[in-house]
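For reference, the structure discussed in these notes is given below.
Every number in this text was worked out from the coordinates using simple rules, so none of it is lab data. Remember, predicted model here, so these are calculated numbers, not experimental data. Here the Cβ is made from the backbone with ideal geometry for all residues, glycine too, and neighbour counts use every protein chain on show.
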Amino acid sequence: MSKAVQEWLIENALEQYRDRKITIGKAADMVGIPIREMIATAAKTGIPFQYNIDDLQEDFRAAEKL
């Protein structure tokens, strides 16, 4: 995948995460990177970590489908 496409995917996923449309786990899945890397990327861009029990449950449900 080209660097420009990867950057666009990351920006798009982070925008949705910042707007609370998706969880950080879903954002990582969309981009195809580990969740830890997505958390670090969000932090570098100034997006605060936002995660609650509902997000955790959603990520568990998504993981069960894999």
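Among the trypsin sites (Lys or Arg not before Pro) in the chain, which ones are in a DSSP loop with at most 16 other Cβ atoms within 10 Å of the Cβ? Mind listing them?
Of the trypsin sites (Lys or Arg not before Pro), the ones in loops of the chain whose Cβ has at most 16 other Cβ atoms within 10 Å are Arg20, Lys21, Lys65.
Normalising by the residue count of the chain, find the relative contact order in percent from Cα pairs under 8 Å and 6+ residues apart.
Working: 38 pairs, mean separation 16.7, N = 66.
Value for the chain: 25 percent.
Between Asp29, Asp55, Asp19, where does the largest GNM mean-square fluctuation fall for the chain, given springs only between Cα atoms within less than 10 Å?
Looking only at Asp29, Asp55, Asp19, the biggest GNM fluctuation is shown by Asp19.
Could you calculate the contour length gain from Asp55 to Lys21, that is, 0.36 nm times the residue separation minus the distance between their Cα atoms, to one decimal place in nm?
11.2 nm
Apply the Debye scattering formula to the chain, with a single equal point scatterer on each alpha-carbon and no solvent, then give log10 I(q)/I(0) at q = 0.17, 0.22 Å⁻¹.
Once normalised to I(0) and log-transformed, intensities are -0.55, -0.90.
What is the fewest-to-most order of Thr23, Thr41 by other Cβ atoms lying within 10 Å of their Cβ?
By the 10 Å Cβ count, ascending: Thr41, Thr23.
Students often get this wrong: which residues of the range 27-55 have the backbone nitrogen under 16 Å from the point 7 angstrom along Cα-to-C-beta of Gln6?
From the range 27-55, the list is 28-42.
When only DSSP loop residues count, what chymotrypsin sites (Phe, Trp or Tyr not before Pro) in the range 6-57 have their Cβ near at most 10 other Cβ atoms within 10 Å?
Phe49
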